[in-house]
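First the structure, in the form of structure tokens, and then the observations on it.
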Amino acid sequence: LASALAPIPLVLFARSFSSFYVIPSESMVPALQKNDVLLVDKVGLQRAPMPNVGDVVVFNQPPALRALVGDSVSKSSQFVKRVVALPGDAVSFEDRSAATAGALPLCTEPKPALAKALATAAKEREGARVAKDSVFVRGDCDGVSVDSLIWGDLDRKYLVGRPTYRIWPPARIGPL
């Protein structure tokens, strides 16, 4: 019995340093695809004073996001987005949804209600400063990403870790 139970403490110990995360939506296209499986480093963000602009982070739901998603998402579900601004940075926006001449859009066009919410939020938040101990996160795919643009700054205490390696699908395995 002792040898059968011996791996359990090792697994619990390992979970405090890393975890797996499955991408549930298209909000991070093209960098991350729906159903990609990522290895998340939970230690690196604890040692760093703050993530860097451009880092992809996994985080628990802050209250403002939780209020938006309601029962459509489990309370324990985590989200993944890219850090685009740090404490004290002024937030500015450009329309990334329109394709440039001769290029295809990188992601799905927003549903009308989301498109309206995104446009309104961008006007309201333009020039606002990111709060102390917070970051501003966005999905790479504006059209389907419910992110800081809509629900506000993300307090550092909600950060869980940084995806470092894609382990699925086989054709896309590799570091991020």
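General observations
- The packing ranking, built from the mean of other Cβ atoms within 10 Å per residue, places the peptides 148-154, 82-88 in the order 148-154, 82-88, highest first.
- Here the Karplus curve 6.51 cos²θ - 1.76 cosθ + 1.60, taken at θ = phi - 60°, turns the phi angles of region 141-156 into couplings of 9, 3, x, 10, 9, 8, 9, 4, 4, 8, 9, x, 4, 9, 5, 3 Hz, with x standing for Gly and Pro.
The numbers here are math on the coordinates, done by the rules we state, and not lab data. Since this is a predicted model, take the numbers as computed values, not measurements. So basically every Cβ, Gly included, is an ideal-geometry build from the backbone, and we count neighbours across all protein chains shown.
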